[in-house]
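> Sharing a structure with you now.
The values are calculated or read from the model by the stated rules, or taken from the named source; none is laboratory data. These numbers come from a predicted model, not from an experiment. Cβ atoms come from the backbone with ideal geometry, glycine included; neighbour counts cover every protein chain shown.
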Amino acid sequence: MADMDERLNQWLRDAHAMEQQAEQMLDGLSRRIENYPELAARIESHIAETRSQKQRLEACIERRGSSWSGMKDLAGQFTALMQTAGGVFAGDEVVKGVLAGYTFEHMEIASYRILVAGAEAAGDTETARVCEEICREEEAMASWLEDHMAEITQAYLIRHASESDTAKR
Ligand code: MG
Ligand code: FE
């Protein structure tokens, strides 16, 4: 039981670190977007959700008598993705940003599904409820990106063909 609780605490700390990365990635992305106001607005609202997710995770970790400060980072696992979103692939950063964002949301969805299962196994129904709630938000963001991916890609290509430079972002 103690092992199970400690494992769950660790997964919650991992999720907290993941949300820190999400916030940085989304923030970098939103500052670079110039020509896609709908995408920028959706990202802005997910940044607000992401900050709130971090706080909800902190509350779970504290309620469980653990601590979220001084946690280890996800070991740069998503450094490549963040660089992608940061515009290392010069020119098509809006498309690469959608790619990175969609991928990241799915990592988040998997992480929260695992957390829900873990919290249920450990009998922590409040943590299960919170992680379920956060998971719905990640699913909504992923499905927004899925619904707008084709349109953003085509808008980028068309803009790029006509203006060659301003479509990049
Ligand atoms: Mg999140
Ligand atoms: Fe997310």
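> Condition test on residue 130, is it farther than 13 Å from residue 15 by Cα, buried (at least 18 other Cβ atoms within 10 Å of the Cβ) and among the β-branched types (Val, Ile, Thr)?
Criteria not met by residue 130.
> Looking only at the range 119-142, which residues are in a helix (DSSP H, G or I) and more than 13 Å from the chain's Cα centre (by Cα)?
119, 120, 121, 125, 126, 127, 128, 129, 130, 131, 132, 133
> What are the residue pairs meeting all of these: first residue in the range 1-12, first residue closer than 13 Å to residue 60 by Cβ, second residue of a type in the set (Phe, Trp, Tyr), Cβ atoms under 8 Å, and 6 or more apart or on different chains?
Qualifying pairs under 8 Å: 12/68.
> Here is a further query. So residue 137 clears everything in (1) at pLDDT 95 or above; (2) surrounded by fewer than 13 Cβ atoms within 10 Å (Cβ to Cβ) except one condition, right? Which one?
Of (1) at pLDDT 95 or above; (2) surrounded by fewer than 13 Cβ atoms within 10 Å (Cβ to Cβ), only one is false for residue 137: (2).
Table: residues versus (1) modelled with pLDDT under 95; (2) of a type in the set (Ser, Thr, Tyr); (3) closer than 27 Å to residue 124 by Cα.
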| residue | (1), (2), (3) |
| --- | --- |
| 39 | no, no, no |
| 42 | no, no, no |
| 45 | no, yes, no |
| 70 | yes, no, yes |
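> Give the range 116-142 a look and list any residue that's in contact (Cβ under 8 Å) with a residue 60 or more places away in the chain and away from ligand 2 (no atom under 14 Å from the Cβ), or say none.
118, 119, 121, 122, 124, 126, 127, 130
> Within the range 76-97, is there a residue that is away from ligand 2 (no atom under 16 Å from the Cβ), at pLDDT 90 or above and in contact with a Gly (Cβ under 9 Å, 6 or more places away or on another chain)?
Yes, there is a match, as at least one residue in the range 76-97 is away from ligand 2 (no atom under 16 Å from the Cβ), at pLDDT 90 or above and in contact with a Gly (Cβ under 9 Å, 6 or more places away or on another chain).
> With (1) within 13 Å of ligand 1 (Cβ to nearest atom); (2) closer than 26 Å to residue 40 by Cβ; (3) of a type in the set (Gly, Ala, Ser) as the list, and residue 110 as the residue in question, which single condition is left unmet?
Result: residue 110 fails condition (2) only.
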